[in-house]
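Inspection log for the structure reproduced underneath, given as structure tokens.
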């Protein structure tokens, strides 16, 4: 697609401002705490917008739009609306426990609660997930967006070039400035993406003939409660399954939690999380609904559902404004990618390098290692990302959620069990983490796997299990995995409980109860969210 002077100018100007502004804001980072946790000085409004900017990117605008355009419709908004409730729980119940320990990384908490082996296992899981799943997925979805809007959709080289462009820009300011650079860049890029999304929403409604015409042709896709046998998001998954990735992602995922760990105070952290929860309630309007409209307008041109949002931009947005939206999308991709890179570098440096390779490393050495690993992770992500176009992954959003299931149920089980069962020991925690992969893997048995491995017909029980597993959506597989792990941890604790509960570190500056205003704001958000489910049931 032809890019005019204004498109190119707006894009270059916006990206330039973001990079320069974020680097100036972070030019005084001299210690590990400065680089990895922004000196623990983030205020609530910066935390709130940074959480949203880290979360919303092309894996949402491309992936969730694609799911909305596909067979899920508005129901895919459950990831946002359940997230709003989840964030309230994180603010009130989880955040005080995490902040008062003074940890740098989420895996570090497991060492205090269980042992160093639990910390090491979670750190290893996080490295694999960041490189093979989240970083690669963000690079791919961003590259796909740029390719669809401005390139040849059938030219694989255009996808590869777009991926490397995004990776290089994100790597520059993340390597230089650490979390503070990422947070300030989030402020600009998150705001721009929301504004760009609203522009696409308005243009889409205009093209479809207004709200009434949209509803007349698309009301069948505007339901939050889907049938029980739906393979993507059945109503049964809303009872438990969808809570597993949401609680893990918003509570114990390093690249999200790192912003709250960097809060100036508990109140700043909690208000920032609640601000993000409020925005999450509104996000489906600009993320999901355009995908539904894309089917109504251009159903015959959608070679893949993931192309719905980029196709709307290509068809409906005029030159000049297209450059702004392009910059906003690229900025959001870069923002999310930078967050993941910084968090991956933090985990590698603090949980692996400092503990197992160089225990006496200076702050300068830690920052250097963090920067080197940021570059390494960018390169690995850019190499893996082009392969995610394979149709067997069933869309990028499904790929992200499904593959994180190999770690998230076990991690969530270990944290929640450790929070509420005071006499659970290290053997229970380590077992819970190790069980995740084999249990979730067994639930992914299918006919193709049985055929390729030569197991079909050899054991009738396995054949029957594979057929049954094919009928279970991946969210319910997460719920089953989580339940099995909790049951095993409970048995181990009953057999061999700790004689005395573990004493966790306590930073008195964060040892406060939630302010009444925090609780009331949280309750209002939950009520509004539940009301939306009633309206669109």
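The values are calculated or read from the model by the stated rules, or taken from the named source; none is laboratory data. From a predicted model like this one, the values you see are computed outputs, not experimental measurements. All Cβ positions, glycine included, derive from the backbone under ideal geometry; neighbour counts span all protein chains shown.
When residue 280 is tested against (1) farther than 23 Å from residue 202 by Cα; (2) at pLDDT 85 or above, just one condition goes unmet, and that condition is (1). Screening segment 210-225 for residues that are in a loop (DSSP other than H, G, I, E, B) and either in contact with a helix residue (DSSP H, G or I) (Cβ under 9 Å, 6 or more places away or on another chain) or in the same structural domain as residue 479 (by TED's automatic domain parsing) (or both) and picking the one that is surrounded by the most Cβ atoms within 10 Å (Cβ to Cβ) gives 224. Candidates are the residues of segment 97-107 that are assigned to a helix (DSSP H, G or I) and touching a helix residue (DSSP H, G or I) at 6+ places or on another chain (Cβ under 6 Å); the one that is farthest from residue 523 (Cα to Cα) is 107. Can you find even one residue in segment 226-237 that is surrounded by 24 or more Cβ atoms within 10 Å (Cβ to Cβ) and either over 30 Å from residue 314 (Cβ atoms) or at pLDDT 85 or above (or both)? Within segment 226-237 (the criterion being surrounded by 24 or more Cβ atoms within 10 Å (Cβ to Cβ) and either over 30 Å from residue 314 (Cβ atoms) or at pLDDT 85 or above (or both)), the answer is yes, since at least one residue qualifies.
Residue 381: closer than 29 Å to residue 191 by Cα, crowded, with 24+ Cβ neighbours inside 10 Å and assigned by TED's automatic domain parsing to the domain that holds residue 143, yes or no? Yes, satisfied. The listed residues are 67, 22, and the only one of them that is closer than 30 Å to residue 239 by Cα and at pLDDT below 80 turns out to be 67. Checking 257, 207, 237, 203 one by one, the residue that is within 18 Å of residue 102 (Cα to Cα), in contact (Cβ under 8 Å) with a residue 40 or more places away in the chain and in contact with a helix residue (DSSP H, G or I) (Cβ under 7 Å, 6 or more places away or on another chain) is 257 and no other. Answer yes if at least one residue in segment 344-359 is touching a residue at least 24 places away in the same chain (Cβ under 8 Å), in contact with a helix residue (DSSP H, G or I) (Cβ under 7 Å, 6 or more places away or on another chain) and more than 16 Å from residue 123 (Cα to Cα), and no otherwise. Looking for residues that are touching a residue at least 24 places away in the same chain (Cβ under 8 Å), in contact with a helix residue (DSSP H, G or I) (Cβ under 7 Å, 6 or more places away or on another chain) and more than 16 Å from residue 123 (Cα to Cα), one finds none in segment 344-359, hence no. With respect to the conditions (1) at pLDDT 80 or above; (2) farther than 30 Å from residue 68 by Cβ; (3) not assigned by TED's automatic domain parsing to the domain that holds residue 475, residue 413 falls short on a single one, namely (3). A Cβ distance below 6 Å, combined with a sequence gap of six or more or placement on separate chains, defines the contacts here; from segment 81-102, residues that are assigned by TED's automatic domain parsing to the domain that holds residue 50 and modelled with pLDDT of 90 or more reach residues that are surrounded by 23 or more Cβ atoms within 10 Å (Cβ to Cβ) and part of a loop (DSSP other than H, G, I, E, B) in the pairs 82/242. Note on segment 439-490: residues that are assigned to a helix (DSSP H, G or I) and either in contact with a helix residue (DSSP H, G or I) (Cβ under 8 Å, 6 or more places away or on another chain) or modelled with pLDDT of 70 or more (or both) amount to 31.
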